[in-house]
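Here is the structure we will look at.
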Amino acid sequence: ERLQLMNCISNKVGGDLVSCSRWTGITLADLLRPAGPRGDATMVVAHAIDGYTETIPIDIALSPVVLVAFGMDGLTLPDVHGAPARLLFPGRYGMRSVKWLKELSVSLTDEEGYWEERGWDKQAIMRTNSRIDVLDKGTVAGHFVAGGIAWAGDRRISAVEISTDDGGS
């Protein structure tokens with residue numbers, strides 16, 4: 001099981017195209033090792049039922065970070081979230097986490113996935129972002145209550161600062 005945040009690359013600052021779920025699955029590395037990828041392999045290509053493809057460098061695919069998920073929040077993975085299985089690529093935008101996974105292949109060349117072929121960022125590393133979900137506008141002696149989330153892909157958030165005077169305090 002792994003708790004992981006997913007963020008759509010189209011999510012605007014303060015947007016709601018972000019969520020966190022508890023995923024159940026097997027690491028891509030544990031799935032690949034018995035197949036014994038050749039030493040000169042460079043990429044793993046993930047093929048979705050709908051024809052979408054995405055590539056993962058072999059060194060990342062053979063590390064413990066990428067998960068092939070078949071469950072979400074204690075239930076079987078629902079179709080809307082990619083059943084029967086989907087990739088989860090921590091620290092990357094959701095476009096790298098292929099839904100409706102049909103097949104995995106190992107390539108000896110540096111292939112490009114769907115978005116890479118269209119000139120998008122090859123790594124799709126998630127940027128630091130935040131969202132305020134609760135803001136109690138009734139202040140008492142200059143105090144207020146605010147709540148929300150902040151995320152930075154697979155990097156840590158060390159602090160969240162809030163200012164009501166454009167950073168003066």
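Using the average count of surrounding beta-carbon atoms within 10 Å as a protection proxy, the listed peptides 59-70, 37-48 rank, highest first, as 59-70, 37-48.
Placing +1 on the Cβ of every Lys and Arg and -1 on the Cβ of every Asp and Glu, with no other charges, gives segment 1-137 a dipole of roughly 320 debye about its Cα centre.
Which is farthest toward the positive dipole end of segment 1-116 among Thr53, Val18, Tyr114, measuring Cα position about the Cα centre, with Cβ charges +1 (Lys, Arg) and -1 (Asp, Glu)? Of Thr53, Val18, Tyr114, it is Val18.
Given a 1.4 Å probe and the protein chains as shown, Tyr52 ends up with an accessible area of around 40 Å².
Pairs of lysines in the chain whose Cα atoms sit within less than 28 Å of one another amount to 5, provided the residues are eight or more positions apart or on different chains.
Candidates Gly148, Ala83, Tyr93 compared by Cα position along the dipole of segment 43-169: farthest toward the positive end lies Gly148, with charges placed on Cβ.
The calculated FRET efficiency for Glu117 paired with Thr164, based on their beta-carbon distance and R0 = 41 Å, is about 0.35. Taking all protein chains together and rolling a 1.4 Å probe, Thr164 ends up with roughly 110 Å² accessible. The value of relative contact order for segment 11-169, using C-alpha pairs under 8 Å at least six residues apart, is 21 percent. With helices as the sole contributors, the chain gives -1000 deg cm²/dmol at 222 nm; each DSSP H run of n ≥ 4 counts as -39500 (n - 2.57), and the sum is divided by every residue.
Per the 1.4 Å probe, what fraction of the accessible area of segment 1-133, in percent, lies on carbon and sulfur atoms? Whole-percent figure for carbon plus sulfur exposure: 55. All alpha carbon pair distances within segment 33-115 were sorted into 10 Å bins beginning at 0; the resulting P(r) in whole percents reads 18, 52, 27, 3. The candidates Ser107, Ser10, arranged from most to least accessible area with a 1.4 Å probe in the full protein assembly, appear as Ser10, Ser107. On the basis of the beta-carbon distance and an R0 of 41 Å, Ser10 and Asp59 show a calculated FRET efficiency of 0.90. Sites listed here are trypsin sites (Lys or Arg not before Pro) in segment 87-167 whose DSSP assignment is loop and whose Cβ has at most 15 other Cβ atoms within 10 Å: Arg118, Lys122, Arg127, Arg155, Arg156. Heavy atoms of the protein chains alone define the surface here; on that basis the chain has 60 Å² accessible area per residue at 1.4 Å probe size. The alpha-carbon atoms of the chain define a convex hull whose volume equals 147 cubic angstrom per residue.
The values are calculated or read from the model by the stated rules, or taken from the named source; none is laboratory data. None of the values given here were measured: they were computed from a predicted structure. We place every Cβ from the backbone using ideal geometry, glycine too, and count neighbours over all the protein chains shown. Ligands, DNA and RNA are excluded from the accessible area calculation, which covers all protein heavy atoms including side chains. Shrake-Rupley method; radii C 1.70, N 1.55, O 1.52, S 1.80 Å.
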